[in-house]
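What follows is a single structure, written as structure tokens, with notes after it.
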Amino acid sequence: MKISIIIPTLNEEKNLPRVLRSIKNYMKNRNEKYEIIVVDGYSKDKTVEIAKKFGAKVIFDDVGKGSALRKGMKVAKGDIVITMDADCSHRSSELGLLIEGIKAGYDVCMGSRFIQGGGTEDMPWYRKLGNKFFVFLVNLIWGMRYSDLCYGYRSFRRSCIKKLNLREDRFGIETEIAIKAAKKKLRVLEVPSFEKGRVAGEGKLKTFRDGFSILRTILRELVS
């Protein structure tokens, strides 16, 4: 199987080398072909230069995280597609869990910070509270047992991506994926993931603005 790893970026020159080096070090021990797709939001630093130096394919999108992931999924050639952040918060050592989950027969494999073996060192209490509220809402409406919702470390069977018919442009993309996977009755697995703190720079997520975007996504899917 070939693996496609999609990484949205915007001015991540200090973090991206660590992320790409870590991916390469991990994947060299697996007998699988892989590609790295960096979807850049027209960075003003050396992010693109670094991505190309590490052999990543670079495409561009400046709309938002959701739009970047959707664009990356369209050009991905892998049988398994993985989404990953560029801020060093996702550990490359967990790639195996995401890959093996799909190989075991699941359609979507979602990293969770709130099951045994997971955790976070980069989530203030008010974001934890918001995440729990959204998880409760989605589970109640669609009869699921998700433990985490707003987390971007995930893998997909490529043949199932079209079924999701994603259209979210911003940070609501993870919520849209979880809801549509439930609505389409896809086989979903949660695996433990530990979220590390961002190494350098400022995060792009804005708690209240993007929290409203997530709520809007839930309400849209409820009436659609």
Item to check | segment 20-127, relative contact order [Cα under 8 Å, separation at least 6], % | outcome: 19
Next on the checklist: Can you give me the distance in nm between label points at residue 212 and residue 42, each placed 7 Å from the Cα along the Cα-to-Cβ direction?
Outcome noted: 2.4
Next on the checklist: Please compute the per residue accessible area over the chain with all protein chains in place, 1.4 Å probe, rounded to a whole number of Å².
Outcome noted: 49
Checklist entry - Using 7 Å Cα-to-Cβ label points, what is the residue 59/residue 184 separation (nm, one decimal)? => result 1.7
Checklist entry - For segment 113-135, list residues with backbone N below 17 Å from a point placed 7 Å from the Cα of residue 196 toward its Cβ? => result 113, 118-123
Item to check | Options 141, 165, 199, ranked by Cα towards positive dipole end of the chain, top entry (Cβ charges) | outcome: 165
Checklist entry - Relative to the longest principal Cα axis of the chain, at what angle does helix 65-75 sit, 0 to 90 degrees, rounded to 10? => result 60
Checklist entry - Using the Karplus equation 6.51 cos²θ - 1.76 cosθ + 1.60 (θ = phi - 60°), what ³J(HN,Hα) coupling, rounded to whole Hz, does each residue of segment 87-102 give in order, writing x for Gly and Pro? => result 9, 6, 7, 9, 8, 5, 5, 8, 4, x, 4, 5, 5, 5, x, 5
Checklist entry - GNM on the chain, C-alpha springs below 10 Å: top fluctuator among 173, 115, 214? => result 115
Next on the checklist: Given an 8 Å cut-off on Cα distances and at least 6 residues of separation, report the relative contact order of the chain as a percent.
Outcome noted: 25
Next on the checklist: With θ taken as phi - 60° and the coefficients 6.51, -1.76 and 1.60, list the Karplus ³J(HN,Hα) couplings across segment 186-191 in order, rounded to whole Hz; mark glycine and proline as x.
Outcome noted: 6, 7, 10, 10, 9, 10
Checklist entry - What share of the DSSP beta bridges in the chain is antiparallel, in percent to the nearest 5? => result 25
Item to check | Of 33/132; 14/185; 65/103; 44/132, pairs whose Cα-Cα distance is over 32 Å | outcome: 33/132; 14/185; 44/132
Checklist entry - Under 5 Å between amide H atoms, partner at least 5 residues away or on a different chain: which partners does residue 190 have, H built in plane at 1.01 Å? => result 110
Checklist outcome for this item: Taking placed amide H atoms and a strict 5 Å upper bound, the residues 5 or more places from residue 2 or on another chain that come that close are 79, 80
Checklist entry - Once the Cα atoms of helix 173-183 and of the chain are each reduced to a long axis, what angle between those two axes, in degrees from 0 to 90 to the nearest 10, is obtained? => result 50
Item to check | Efficiency of FRET between residue 128 and residue 77 - r from beta-carbon atoms, R0 30 angstrom, step 0.05 | outcome: 0.25
Checklist entry - What's the carbon and sulfur percent of the chain's accessible surface, probe 1.4 angstrom, rounded to a whole number? => result 53
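The values are calculated or read from the model by the stated rules, or taken from the named source; none is laboratory data. For clarity, every value in this text was computed on a predicted model and none was experimentally measured. Every residue, glycine as well, gets a Cβ built from its backbone with ideal geometry; the counts of neighbours run over all protein chains shown. Each accessible area value is taken on the protein alone, full model and side chains, heavy atoms only, with ligands, DNA and RNA left out. Shrake-Rupley method; radii C 1.70, N 1.55, O 1.52, S 1.80 Å.
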